[in-house]
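See below for the structure under consideration.
The values are calculated or read from the model by the stated rules, or taken from the named source; none is laboratory data. In this text, all values refer to a predicted model and were calculated from it rather than measured experimentally. Neighbour counts are summed over all protein chains in view; Cβ atoms, including those assigned to glycine, are modelled from backbone coordinates with ideal geometry. Ligands, DNA and RNA are stripped out before the accessible areas are found, and what is left, the full protein with its side chains, is counted by its heavy atoms. Shrake-Rupley method; radii C 1.70, N 1.55, O 1.52, S 1.80 Å.
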Amino acid sequence: MYFGRSDKRALAVELLGLEAGAGEGSPAGRHGVVWVSELPLPNSVRVPAYLRAVVPLGGSLEAIVAAYPENLRRSLRRQRVACHTRPVTDEVEMERVDREMLRPYALARHGASAAQVSASAVQDIAKGRGRLTLVLCGTEEVGCHLGFPQTRAGVRFWVSVRFGFPKAVFDDRKRLREINSVNTYFEMEAAHRDGCAHYDIGDCLGRPDDGLLQWKSARGGHLDAALIHEHFYVLLPEQAAPAMLWHAPIFGEKAGTLTLHLGLPEGRTDDQALARFRELRFSGMHKICLHCARAPGAPLVNAVRALCARTPVSSVEVRLAPQG
């Protein structure tokens, strides 16, 4: 049951994984009713619509990259040798890069609903405190990045505004993956060199199994809700919460801290649960809340705690659903 503005319903549906319809595990199915509101509900979970992924730059770049998955490290080594960057400072070239990379890539990702940065804003950022940077492999232009510095509570961040790629790159999924990774690395490297304390890779849908969020997390991004002002309040069905959250886990935000809500329904073993939960490794969690249809084994609880080893959680809370 949704209570809120009609133009936000689709976002709530996507955020809570309701697009699967009324099948098994779906909140719209036999597992009960989920109440979703833009206004606070008693005993509800405050779910951020979006989250930012922020990479702390206090240590060395080598230490950050060492935590990447092995296949990503190998790809980066190859691309860092093959590619280099060049700043874009000429207005005519800024217009061309916007036209040939920033806008087409946004359209390819989001379709007609893409929130484009205006041409004047691109120039204002690139000619002001920020920069527009090209990525080249040899003489071929394969990507670009638009970003700017920002100070938050006295701490300096480098903030990604947009990534862009030519059609020849974003039409090739493997190549896009490789160039996107090295593009992100080059910006992180420049932010580190400029003395920024953090690299803000940008926001994405606040859904644990969202591909973009997981992509940014794998590149060292710690999830942050501090600048997010759009939330939904979700009242979980007591008995059905384990099944719902197995199908569609959620983040909860309270006083700037994040809790990852996971589900362990009937019929799932601890080994199956651990395999599922290993897909949901994030840094920046304050707590993990495990909603269970039965008592989980101690090894599973300890393994869940270890999922956030880069930034250990303060606790794993087990909530047992009431029986019939």
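Separation between the SER314 and LEU11 pseudo-spin-labels, each 7 Å from Cα along Cα→Cβ, expressed in nm?
2.8 nm
Quick check: net charge around CYS292, other residues with Cβ under 14 Å of its Cβ, Lys/Arg +1 and Asp/Glu -1?
0
With a 1.4 Å probe and all protein chains left in place, how much of the accessible area of the chain comes from carbon and sulfur atoms, in whole percent?
Reported share for carbon and sulfur atoms: 53 percent.
Expressed in whole Å with the largest first, what are the equivalent ellipsoid semi-axes of the chain derived from the C-alpha gyration tensor as the square root of 5 times each eigenvalue?
After scaling each eigenvalue by five and taking roots: 37, 22, 18 Å.
Label point 7 Å out from ARG177 along Cα-to-Cβ: which residues of segment 184-220 have amide N under 17 Å?
Only 184-185, 210-220 pass the distance filter.
Taking only DSSP H segments of four or more residues, each worth -39500 (n - 2.57), what value at 222 nm results for the chain once the sum is divided by all its residues, to the nearest 500 deg cm²/dmol?
For the chain, the value works out to -9500 deg cm²/dmol.
Mind checking Rg over Rh on segment 23-162, alpha carbons, Kirkwood formula for Rh?
Result for segment 23-162 is an Rg/Rh of 1.08.
What's the FRET efficiency of THR269 with ALA67 using the Cβ-Cβ distance as r and R₀ = 30 Å, to the nearest 0.05?
Step by step, r from the Cβ atoms, then E = 0.50.
Any chance you could count the Lys pairs in the chain whose alpha carbons are under 27 Å apart, treating pairs 8 or more apart or on different chains as valid?
So the count of such lysine pairs works out to 8.
Just to confirm, what accessible area per residue do you get for the chain at 1.4 Å probe, in whole Å²?
Ligands and nucleic acids excluded, the result is 47 Å² per residue.
Rg and Dmax in Å for segment 162-287, alpha carbons only: what are they?
Spelled out, the Cα radius of gyration and Dmax of segment 162-287 are 17.4, 52 Å.
By how many degrees, 0 to 90 and rounded to 10, does the Cα axis of helix 70-82 deviate from the longest principal axis of the chain?
With both axes taken from Cα atoms, the answer is about 10 degrees.
Would you mind computing the Rg to Rh ratio of segment 87-138 from its alpha-carbon coordinates, Kirkwood style for Rh?
Here Rg/Rh amounts to 0.99.
Compute the Cα gyration tensor for segment 223-286, then decide on rounded, prolate or oblate, letting a ≥ b ≥ c be the square roots of its eigenvalues: rounded whenever a/c is under 1.5, prolate when a/b is larger than b/c in the other cases, and oblate in all that remain.
Verdict is oblate for segment 223-286.
Which GluC sites (Glu not before Pro) from segment 226-324 combine a DSSP loop assignment with at most 15 other Cβ atoms within 10 Å?
Within segment 226-324, the qualifying GluC sites (Glu not before Pro) (loop, at most 15 other Cβ atoms within 10 Å) are GLU230, GLU238, GLU266, GLU279.
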